[in-house]
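Peer 1: Got a structure for you, written out below as structure tokens; questions coming shortly.
The values are calculated or read from the model by the stated rules, or taken from the named source; none is laboratory data. None of the values given here were measured: they were computed from a predicted structure. Using ideal geometry, Cβ is built from the backbone for each residue, glycine included, and neighbour counts are taken over all protein chains shown.
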Amino acid sequence: MTITQAIIQSVVEGLTEFLPISSTAHMKFVNPMIGVDPNDDFSKLFDIVIQLPAILAVVVLYWRKFFDFSRFTFYLKLIVAVIPALIFGALLNKYIDRALDNLYFIAWVMLGGGVIMLFVDGWFKNPTIDDEKQVSNAAAFKIGCFQVLSILLPGVSRSASTIVGGMTQKLTRKAAAEFSFFLAVPTMLAATVKKLWDTHKEHPDVLNQSHASMLLLSSIVAFFVAIIVIRFFIGFIKKYGFKPWGYYRIVVGLVMLFLLWRGIL
């Protein structure tokens, strides 16, 4: 992997991590387009680790919540919500790896998710919760269960599944999006640590000095791009809802399927 390829991937990650369009799908399809070997050990590590700096953008933007240690309930809700993902991620690790390598599967999930998102706004009307403080531990756990969908079905989008999960619990689109951001922090931290540990055990020489420098530079890029996207997304989803993202996903899913059918990918 070259520096240019790494920068392109980090921009894609920063742009897509918090939008309901699946960063995984975009990364999996961008990689072969820019000449990255999807079977390369460092490439697989990069795809997971680069998500963490994008997630850390949430900590910076919402630092008052994350560093208000007097509010134990905030941390408890995140712990409760992340439990389903940790359990299913550990139990279904081999299945997840196979699903991530199936580009046709990801493309169909991308397309199907887009169709569903055209109707999401009409399903959840009259929300009553507009702030994380009103989210109960039970509601947090249910939102965490929705996050499992993004683990079982690569291409669903962790952001989309958790925001919809929040809306099923009577959260407004804004509150659901913000809780989705918060939940991303422990989820991706756990995924990154696990991936680093597994890679170190199986391929201890993968993360050499050159790769570490590349990851550091890419992380900085992904972090700042993600900050811009988060600021944009909250206002956009409050005003326009999910439908525009549904149309986007349908178009991208169809393009992916066409490129795969033609053997371009």
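Peer 1: Counting just the residues of the stretch 199-257 that are under 17 Å from Met1 (Cα atoms), surrounded by fewer than 17 Cβ atoms within 10 Å (Cβ to Cβ) and hydroxyl-bearing (Ser, Thr, Tyr), which one comes out modelled with the highest pLDDT?
Peer 2: Here the answer is Ser213.
Peer 1: Scanning for something under 24 Å from Ala139 (Cβ atoms) and in a helix (DSSP H, G or I), does the stretch 105-113 turn up at least one residue?
Peer 2: Yes, there is a match, as at least one residue in the stretch 105-113 is under 24 Å from Ala139 (Cβ atoms) and in a helix (DSSP H, G or I).
Peer 1: Would you mind stating whether Pro186 is free of Cβ contacts under 8 Å to residues at least 40 places away in the same chain and either surrounded by fewer than 17 Cβ atoms within 10 Å (Cβ to Cβ) or within 25 Å of Val82 (Cα to Cα) (or both)?
Peer 2: The answer is no for Pro186.
Peer 1: Any idea which of Asp101, Asp131 is of a type in the set (Asp, Glu), surrounded by fewer than 15 Cβ atoms within 10 Å (Cβ to Cβ), in contact (Cβ under 8 Å) with a residue 60 or more places away in the chain and within 26 Å of Leu15 (Cα to Cα)?
Peer 2: From the options Asp101, Asp131, the qualifying one is Asp101.
Peer 1: Here's something else I'd like to know. Could you give every pair whose Cβ atoms fall below 8 Å, whose first residue belongs to the stretch 164-182 and is closer than 18 Å to Phe67 by Cα, and whose second residue is assigned to a helix (DSSP H, G or I) and acidic (Asp, Glu), counting only separations of at least 6 or pairs across chains?
Peer 2: Listed pairs, sorted by first residue: Glu178/Glu132; Phe179/Glu132; Phe182/Glu132.
Peer 1: Which condition does Thr73 not pass, out of (1) within 25 Å of Glu202 (Cα to Cα); (2) at pLDDT 80 or above, if it passes all the others?
Peer 2: Result: Thr73 passes all but (1).
Peer 1: Give Leu56, Leu45, Leu78 a once-over and let me know the one that is in contact with a Pro (Cβ under 6 Å, 6 or more places away or on another chain), in contact (Cβ under 8 Å) with a residue 60 or more places away in the chain and either under 16 Å from Glu178 (Cα atoms) or crowded, with 21+ Cβ neighbours inside 10 Å (or both).
Peer 2: Checking each option against the conditions leaves just Leu78.
Peer 1: Moving on. Given (1) modelled with pLDDT under 85; (2) closer than 23 Å to Asn31 by Cα; (3) within 17 Å of the chain's Cα centre (by Cα); (4) not polar (S, T, N, Q), where does Leu196 come up short, assuming only one miss?
Peer 2: Going through (1) modelled with pLDDT under 85; (2) closer than 23 Å to Asn31 by Cα; (3) within 17 Å of the chain's Cα centre (by Cα); (4) not polar (S, T, N, Q) one by one, Leu196 breaks only (3).
Peer 1: Okay, next question. Go through the stretch 229-243 and report how many residues are in contact (Cβ under 8 Å) with a residue 40 or more places away in the chain and at negative phi.
Peer 2: Of the residues in the stretch 229-243, 9 are in contact (Cβ under 8 Å) with a residue 40 or more places away in the chain and at negative phi.
Peer 1: A further question follows. If you go through the stretch 33-74 one residue at a time, how many are small (Gly, Ala, Ser) and either touching a Ser or Thr at 6+ places or on another chain (Cβ under 6 Å) or in a helix (DSSP H, G or I) (or both)?
Peer 2: Residues in the stretch 33-74 being small (Gly, Ala, Ser) and either touching a Ser or Thr at 6+ places or on another chain (Cβ under 6 Å) or in a helix (DSSP H, G or I) (or both): 3 in total.
Peer 1: Next question. Failed condition for Phe179, given (1) touching a strand residue (DSSP E or B) at 6+ places or on another chain (Cβ under 7 Å); (2) at pLDDT below 75, with all others met?
Peer 2: Here Phe179 clears every test but (2).
Peer 1: What is the number of the single condition among (1) over 18 Å from Thr192 (Cβ atoms); (2) free of Cβ contacts under 8 Å to residues at least 24 places away in the same chain; (3) not in a loop (DSSP other than H, G, I, E, B) that Ala90 does not meet?
Peer 2: Tallying (1) over 18 Å from Thr192 (Cβ atoms); (2) free of Cβ contacts under 8 Å to residues at least 24 places away in the same chain; (3) not in a loop (DSSP other than H, G, I, E, B), Ala90 fails exactly one: (1).
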